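Have a look at the structure below, then the notes.
Rule-based calculations on the coordinates, nothing more; no lab input. Remember, predicted model here, so these are calculated numbers, not experimental data. Note that we place each Cβ from the backbone using ideal geometry, even for glycine, and neighbour counts take in every protein chain shown.
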Amino acid sequence: MSIRNILDEIIEDSFPIYFNGVDLSQFFYIKSDNGRAIYGREVELFSVPSRPGALIKGVKYPPRTITMEVLFACDSAEELRKKLEDLNDILSLEEPAPLIFHDEYDRTYYAISERVTEGYEWNGFHVTTITFICPDPHKYGHENKENFVNGLATVRNNGYREAAPVFEIEVLEDITYMDIICSDAYMRIGEPVTVEQTPIQREEVVMNYKADNTTGWTTGTDVDGGVPAGNFQTNGFSLNVQSYGTGSTWHGPTIKTSVPQAPLQDFIAEFLLGFPSTSYDKRSRVEYYLLNDLSDAIAKVAMKRIGNEGLGNTVEIRLGGGLDTEFLYVGKGEGAGTAWADFRGIMRIGRIGNEWFFYVAKFHPETGAHVNRMYRTYTDAELRFTGNLSQIQLHAGQTGTVPTEAVNIDDVLIKRVNTVTDNQVPYIAYAGDIIQIDMRDSSIKINGEYRSDLKDFGASFFMLPKGKTDLVLEPSTKLSGKVTFRERFL
């Protein structure tokens, strides 16, 4: 069959196919596709001795495979090569992406390209078969949304399968618990207060610095491996470096201030910062020193790029100072060492009794969820690091005249941790917080941070059955929100 006959056969039946928002029909004509018709299941059987046949053990729904036989038709071999390059880039994703066909415009598959079977190629023409794998075999309808009104919402799932809801709840008043209830299941985080109990603010904010000024801050006196120099400036919501000053070793602006209501024994210190990764040649560091009333360090957390380590940023966690120190962590996170590259996120350190803990996470640029997370703990069994927290010192550093990244220091939040007695129940969320319960991946987040530790033992991540479901949100006067879900089909 000639190329012209092939084109005459398939152009009339061509239609758009969107993968990750890109119309693939601009690259090729589709001749045929498979994998979207009757979906086959896998039936697991087991045999019983002395009994004919078998019994059904279960039914599995394997990943869906979608294949497309396509034709590239270009004016020249050179144009074909460029189109193939562009398409390779579009298909080279690490996670499944939306795949939408013109004849099912209201359904979405989630697919990842797996392999390509090459056919013939001649001049600017090329025939090939592209295979997509859908780890989740379902296809999804458009998103449905219902708001809670006075703590009530009614949803209707018109799909052919159960649907996984996502609840996004805004806290209007401080709460000790939250319930989401349907007819045969519930989700609870926290604990309600009985008539014999009182709520308590376990984590009490004593300092909430928004980096909007430097009033009350003085020049710091000591930094590791260098000297204070230069100065910070603020743009109204973030500190950045106006000048690093000069020096042959580490040098840069260093300021400190007293912590209100100090000294603190049990505390949590949170630091928001930005640490870009724009060049392999740049070196920088941002350090937070926790000081006692004598300005001696009781702990330090830092993010830095100090050597030939690519674009990855190193996190350092150290307890103590001077001759008695303990490094809890020095590293670049999991993976290839770029977990905290182009960092905008949070570093947290705290102590309760003789237990120290540290947390670092990057903010997802689109959702704000905490990603590339790391958590470390340390038991100070010998009581070496018991000094009270009285001051906070901020430092940004440059080494010699080596170019630096445009680092910035955002919020500094210090909390005193209060003791909770048997007749007290701690608040779990405060006015303005956003709680997300995602039944798709069984996750609980507050302001983007995973908080599965708050889940009640008997609670479950439930699905919405086909048909109508009534939902109840409690305490209704202290919460508002919505539920979203997508109907599922095979």
Report, in degrees rounded to the nearest 10, the 0 to 90 angle that the Cα long axis of helix 77-91 makes with the longest principal axis of the chain. 60 degrees
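Could you give the length gained on full extension between V420 and L152, defined as 0.36 nm per residue of separation minus the Cα-Cα distance, in nm?
Net length gain for the segment: 93.2 nm.
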Go through (1) 44.4; (2) 23.8; (3) 34.6 and flag the label whose value is the computed mean projected area of the Cα convex hull in nm² for this structure. (3)
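Starting from segment 161-237, pick out the chymotrypsin sites (Phe, Trp or Tyr not before Pro) whose DSSP state is loop and whose Cβ has at most 11 other Cβ atoms within 10 Å. Write out the running numbers ahead of the final one.
On the way: sites: F167, Y177, Y186, Y209, W217, F232, F237; in loops: W217, F237.
Listed in order of number, the matching sites are F237.
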Shape call, segment 114-198: gyration tensor on alpha carbons, a/c limit 1.5: prolate
Counting other Cβ atoms within 10 Å of each Cβ, which chymotrypsin sites (Phe, Trp or Tyr not before Pro) in segment 9-116 have at most 14 and sit in a DSSP loop? Y39, Y105
Given charges of +1 on the Cβ of Lys and Arg and -1 on the Cβ of Asp and Glu, with all other atoms neutral, how large is the dipole of segment 3-137 about its Cα centre, in debye to the nearest 20? 880 debye
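For S32 and W122, calculate 0.36 nm times their separation in residues minus their Cα-Cα distance, and state this gained length in nm to one decimal. Don't skip to the end; give the middle numbers.
Details: separation 90, 0.36 × 90 = 32.40 nm, distance 2.02 nm.
So the chain would gain 30.4 nm between S32 and W122.
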Between D174 and T67, how many nm apart are label points set 7 Å from Cα along the C-beta direction? 6.3 nm
With the label point 7 Å along the Cα-to-beta-carbon line of R115 and a cut-off under 18 Å to each amide N, the hits in segment 19-62 are 34-35
222 nm mean residue ellipticity, helices alone, for the chain (DSSP H n ≥ 4; -39,500 (n - 2.57); rounded to 500): -1500 deg cm²/dmol
For segment 306-444, what is the charge dipole size about the Cα centre, in debye to the nearest 20, if Lys and Arg each add +1 at the Cβ and Asp and Glu each add -1 at the Cβ? 120 debye
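Would segment 203-417 count as rounded, prolate or oblate if I go by the C-alpha gyration tensor, calling it rounded below 1.5 in a/c and otherwise prolate when a/b exceeds b/c, oblate otherwise? Show your work: numbers first, answer last.
Details: a/c = 1.38, a/b = 1.19, b/c = 1.16.
Here segment 203-417 falls in the rounded category.
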Sites E196 and T218 - FRET efficiency at Förster radius 41 Å, r taken between beta-carbons, to 0.05: 0.25
Cα to Cα, under 27 Å, and not fewer than 8 places away if on the same chain: which lysines meet these conditions relative to K139? K31, K57, K60, K445, K466, K468, K482
So D23 and S243, fully extended at 0.36 nm per residue minus their Cα-Cα distance, gain in nm 74.3 nm
Run down the lysines and flag those whose C-alpha is under 30 Å from the C-alpha of K282, throwing out any fewer than 8 positions away in its chain. K210, K256, K300, K304, K332, K362
Which one of Q233, L264, L290 is farthest out on the positive end of the charge dipole of segment 230-291, using unit charges on Cβ (Lys, Arg +1; Asp, Glu -1) and the Cα centre as origin? Q233
